[in-house]
Amino acid sequence: MAVELLLVQALNGLQFGILLFLVAAGLTLVFGVMDFINLAHGVQYMLGAYLGASFATATGSFWLGLLLALPAALLVGLLLEWLVYRHLYDRDHLQQVLATFGVILVLNEGVRVIWGTAPLQVPVPALLSGGVELMPGLRYPVYRLAILVAGVATAALLWVLVERTRAGALVRAGATNALMVAALGVDIRRLFMLVFGFGAMLAGFAGVMAAPILSVEPGMGDALLILAFVVIVIGGIGSVRGAFLAALLVGLIETLGRSLMPDLMRLFLDPSSARQVGAALASMLIYIAMAAILAVRPQGLFLVRMG
């Protein structure tokens, strides 16, 4: 594989990892703080993409669509928390899984009813159109670089919020001992609700940012949710720092694996078999990496919760 193509695929992997982090960060907050398994978290990613596309179309501006989609995604997350999720906090994980899977089915069908089944296309904003020349003859889309920058900035902001603010201290304390925090006079239910809403908004932000480079369609968050769970398991449940590093790792393995494995298999197999075997192995690489990491560190890369 040419160096230029390898560089492009590496950047694509990092960009995909950033989107994974934006989804996994909210998921690890909810799981780490509330011990709540939310299979419907990927639906928030999908709703963010649809809300961003709808607002962008209505206003004629991607940026206004983004600004309107974020509070809308937050409100949808808070509404779901109030209607459904708060009634499941004291239930066992199996009941949480079954209930949130039902939410996936309902919201996916709701999206089909409201927006239809045809994929929506969101144009890249004019400000971020075009490409940057990384080396002679190689240009990389500015918008994909902007996703990288936005994701890193969001990760830094999230770290500051969790590690350097009173609200973050309450979140970390609630993750360690929710009963003690409640005994000190903190409304733990309201804290959980805010954490849930913030996680939903992060997933919605990822959906809006992904809309110009991916098709916006029903069920688009389902596959990403599986990878997000892999990210929080590798990074360590409740660790934002672990989620960030694990998301970049998973993004690189996923993207480079699908690019490199067919070429590697051609060293041993005929081209037709190499494509089939390479594609099959590429889809397994993430789970092989997860098993290898957990064999060495069963708690994930970072043991400390919420950090």
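Do you know which residues across region 68-90 are part of a loop (DSSP other than H, G, I, E, B) and exposed (fewer than 13 other Cβ atoms within 10 Å of the Cβ)? Step through it out loud before you land on a result.
So in region 68-90, the residues part of a loop (DSSP other than H, G, I, E, B) come out as 84, 88-90.
D90, the sole residue that qualifies.
Output the qualifying pairs, or none if there are none: Cβ atoms under 7 angstrom, residues six or more apart or on different chains, first residue in region 95-118 and exposed (fewer than 12 other Cβ atoms within 10 Å of the Cβ), second residue at pLDDT 90 or above and not aliphatic (A, V, I, L, M).
Between residues of region 95-118 that are exposed (fewer than 12 other Cβ atoms within 10 Å of the Cβ) and residues that are at pLDDT 90 or above and not aliphatic (A, V, I, L, M), the close pairs are T117/P218.
Give region 194-216 a look and list any residue that's surrounded by fewer than 19 Cβ atoms within 10 Å (Cβ to Cβ) and under 27 Å from I114 (Cα atoms), or say none.
The initial filter retains those residues of region 194-216 that are surrounded by fewer than 19 Cβ atoms within 10 Å (Cβ to Cβ), namely 194, 213-215.
If the condition is that a residue be surrounded by fewer than 19 Cβ atoms within 10 Å (Cβ to Cβ) and under 27 Å from I114 (Cα atoms), then I213, L214, S215 are the ones that fit.
Would you pick out the residues in region 115-142 that are among the hydrophobic types (A, V, I, L, M, F, W, C) and closer than 26 Å to F55 by Cα?
Narrowing region 115-142 to residues among the hydrophobic types (A, V, I, L, M, F, W, C): 115, 118, 120, 122, 124, 126-128, 132, 134-135, 138, 142.
Correct list: W115, A118, L120, V122, V124, A126, L127, L128, V142.
Do we find that L170 is in a helix (DSSP H, G or I) and of a type in the set (A, V, I, L, M) in this structure?
Numbers: in a helix (DSSP H, G or I): yes; of a type in the set (A, V, I, L, M): yes.
Yes.
Considering only region 288-301, I want to know if a residue exists there that is within 19 Å of the chain's Cα centre (by Cα) and within 20 Å of V33 (Cα to Cα).
The answer is yes; a qualifying residue exists.
Which condition from (1) at pLDDT below 90; (2) acidic (D, E); (3) under 30 Å from A56 (Cα atoms) is the one that E217 breaks?
(1)
With the requirement that a residue be in contact with a Phe, Trp or Tyr (Cβ under 7 Å, 6 or more places away or on another chain) and either among the small types (G, A, S) or crowded, with 19+ Cβ neighbours inside 10 Å (or both), what does region 53-66 give you?
The initial filter retains those residues of region 53-66 that are in contact with a Phe, Trp or Tyr (Cβ under 7 Å, 6 or more places away or on another chain), namely 56, 64-65.
Within region 53-66, A56, G65 qualify.
Can you name the residue in region 34-52 that is of a type outside the set (A, V, I, L, M) and in a loop (DSSP other than H, G, I, E, B) and is also surrounded by the most Cβ atoms within 10 Å (Cβ to Cβ) among such residues?
If we filter region 34-52 for residues that are of a type outside the set (A, V, I, L, M), which is where we start, we get 35-36, 38, 41-42, 44-45, 48, 50, 52.
Okay, now just the ones that are also in a loop (DSSP other than H, G, I, E, B), so 35-36, 38.
Values: D35: 14, F36: 21, N38: 28.
Step by step, filter region 34-52, then rank; the result is N38.
In region 130-166, which residues are free of Cβ contacts under 8 Å to residues at least 40 places away in the same chain and in contact with a helix residue (DSSP H, G or I) (Cβ under 7 Å, 6 or more places away or on another chain)?
Matches in region 130-166: G130, G131, V132, V142, A146, L161.
Check L157, L170 and return the single one that is farther than 23 Å from Y50 by Cα and crowded, with 17+ Cβ neighbours inside 10 Å. Step through it out loud before you land on a result.
On the way: L157 fails: crowded, with 17+ Cβ neighbours inside 10 Å.
Just a single option satisfies the conditions, and that option is L170.
Taking the options G17, G52, name whichever one is out of contact with any strand residue (DSSP E or B) (no Cβ under 9 Å at 6 or more places or on another chain), touching a residue at least 24 places away in the same chain (Cβ under 8 Å) and not aromatic (F, W, Y). Lay out the reasoning, then the answer.
Values: G52 fails: out of contact with any strand residue (DSSP E or B) (no Cβ under 9 Å at 6 or more places or on another chain).
The conditions single out G17.
Which of the following residues is among the aromatic types (F, W, Y), in a helix (DSSP H, G or I) and farther than 15 Å from G204 by Cβ: F31, F55? If you could, list the steps in order and put the result at the bottom.
Details: F55 fails: farther than 15 Å from G204 by Cβ.
None of the others qualify; the one that does is F31.
Where residues in region 133-185 are within 20 Å of F36 (Cβ to Cβ) and of a type in the set (S, T, N, Q), which of them is nearest to the chain's Cα centre (by Cα)?
Top of the filtered list is T176.
Pull out all pairs, ordered by first then second residue, where Cβ-Cβ is under 6 Å, the residues are six or more apart or on different chains, the first lies in region 266-282 and is farther than 18 Å from I253 by Cα and surrounded by fewer than 16 Cβ atoms within 10 Å (Cβ to Cβ), and the second is of a type in the set (G, A, S) and modelled with pLDDT under 80.
R266/A274
The values are calculated or read from the model by the stated rules, or taken from the named source; none is laboratory data. Quick caveat, the model's predicted, so the values are computed rather than measured. Methodologically, a virtual Cβ is constructed for each residue, glycine included, from the backbone with ideal geometry; neighbour enumeration extends over all protein chains shown.
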